[in-house]
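S.K.: Would you mind keeping the following structure in view while I ask a few things?
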Amino acid sequence: MPQNVDHAFPPPNLFVVERRKEYRLDIKIPVVVSGIDSKKLVRYEVKAVTKNVTRNGACFELTRGLVREGSTLTLTLGKKFEAKCRVIWISEGAGNLDLLGVEFVSVKGQWVLYDIK
């Protein structure tokens, strides 16, 4: 006997089209982020962990207020990779953290998604 269905089929979000420019891979990678503090104007170097990455950028959390949208920073992955980055967006993260999206401006070495097209 059929059961009553009280929801729409297909679900409204089933056929959502991804409109991002690049494929994002949800992966945690330990990186070092360095630059100039936007308020104190002193150099910083902190450890961070990516939330997701693309061929040309990454998303990770940093201490709130450390950087501003449009500012530049350096992201390194051991001795194998270094990128000068531009902060594209910032949103509020957990606790006292900001969630940042950065785009690579110049790179040395191979990033984790170097061959995905």
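S.K.: What about residue 67, is it of a type in the set (Val, Ile, Thr), assigned to a strand (DSSP E or B) and closer than 12 Å to residue 35 by Cβ? Write out each step before concluding.
M.R.: On the way: of a type in the set (Val, Ile, Thr): yes; assigned to a strand (DSSP E or B): no; closer than 12 Å to residue 35 by Cβ: yes.
Spelling it out, it is not the case that residue 67 is of a type in the set (Val, Ile, Thr), assigned to a strand (DSSP E or B) and closer than 12 Å to residue 35 by Cβ.
S.K.: Quick check, is residue 51 surrounded by 12 or more Cβ atoms within 10 Å (Cβ to Cβ), in contact with a strand residue (DSSP E or B) (Cβ under 8 Å, 6 or more places away or on another chain), assigned to a strand (DSSP E or B) and basic (Lys, Arg)? Talk me through it step by step, then tell me what you get.
M.R.: Working: surrounded by 12 or more Cβ atoms within 10 Å (Cβ to Cβ): yes; in contact with a strand residue (DSSP E or B) (Cβ under 8 Å, 6 or more places away or on another chain): yes; assigned to a strand (DSSP E or B): yes; basic (Lys, Arg): yes.
Yes; evaluated as a whole, the condition is true for this residue.
S.K.: Another question, if that's okay. Any residue that is over 13 Å from residue 102 (Cα atoms) and without any contact (Cβ under 8 Å) to a residue 24 or more places away in the chain - is there at least one of those in the range 56-66? Full working, then the answer.
M.R.: Kept after step one, since they are over 13 Å from residue 102 (Cα atoms), are these residues of the range 56-66: 63-66.
Filter once more, so that each one left must be without any contact (Cβ under 8 Å) to a residue 24 or more places away in the chain: none.
No, every residue in the range 56-66 fails to be over 13 Å from residue 102 (Cα atoms) and without any contact (Cβ under 8 Å) to a residue 24 or more places away in the chain.
S.K.: Continuing with this model, one more query. Does residue 91 count as modelled with pLDDT under 90 and either of a type outside the set (A, V, I, L, M) or over 18 Å from residue 103 (Cβ atoms) (or both)? Lay out the reasoning, then the answer.
M.R.: On the way: modelled with pLDDT under 90: no; either of a type outside the set (A, V, I, L, M) or over 18 Å from residue 103 (Cβ atoms) (or both): yes.
When the stated conditions are applied, residue 91 does not pass them.
S.K.: Tell me which residues, restricted to the range 34-68, are within 13 Å of residue 90 (Cβ to Cβ) and either in contact with a Pro (Cβ under 6 Å, 6 or more places away or on another chain) or of a type in the set (A, V, I, L, M, F, W, C) (or both). Break it down into steps so the answer makes sense when it comes.
M.R.: Step one: list which residues in the range 34-68 are within 13 Å of residue 90 (Cβ to Cβ), which gives 38, 59-68.
Passing the criteria: 59, 60, 62, 66, 67.
S.K.: While we're on this one: Has the range 71-80 got at least one residue that is in contact with a Phe, Trp or Tyr (Cβ under 7 Å, 6 or more places away or on another chain) and free of Cβ contacts under 8 Å to residues at least 60 places away in the same chain? Don't jump to the end; show me each part of the working.
M.R.: Just the residues of the range 71-80 that are in contact with a Phe, Trp or Tyr (Cβ under 7 Å, 6 or more places away or on another chain), to begin with: none.
There is no residue in the range 71-80 that is in contact with a Phe, Trp or Tyr (Cβ under 7 Å, 6 or more places away or on another chain) and free of Cβ contacts under 8 Å to residues at least 60 places away in the same chain.
S.K.: Right, another one. Can you name every residue in the range 88-117 that is buried (at least 18 other Cβ atoms within 10 Å of the Cβ) and over 18 Å from residue 30 (Cα atoms)?
M.R.: 90
S.K.: Still on this structure: Looking only at the range 33-48, count every residue that is surrounded by 12 or more Cβ atoms within 10 Å (Cβ to Cβ), without any contact (Cβ under 8 Å) to a residue 40 or more places away in the chain and among the hydrophobic types (A, V, I, L, M, F, W, C) and tell me the total.
M.R.: Start the filter on the range 33-48 by keeping residues that are surrounded by 12 or more Cβ atoms within 10 Å (Cβ to Cβ), which leaves 33-38, 44, 46, 48.
Keeping just the survivors that are without any contact (Cβ under 8 Å) to a residue 40 or more places away in the chain gives 35-38, 44, 46, 48.
From the residues that got through so far, the ones that are among the hydrophobic types (A, V, I, L, M, F, W, C) too are 36, 46, 48.
The number of residues fulfilling the criteria is 3.
S.K.: I'd like to check something: does the range 86-96 contain any residue that is under 14 Å from residue 50 (Cα atoms), within 14 Å of the chain's Cα centre (by Cα) and of a type outside the set (Val, Ile, Thr)?
M.R.: The answer is yes; a qualifying residue exists.
The values are calculated or read from the model by the stated rules, or taken from the named source; none is laboratory data. Given the structure is predicted, the values throughout are model-derived calculations rather than measurements. All Cβ positions, glycine included, derive from the backbone under ideal geometry; neighbour counts span all protein chains shown.
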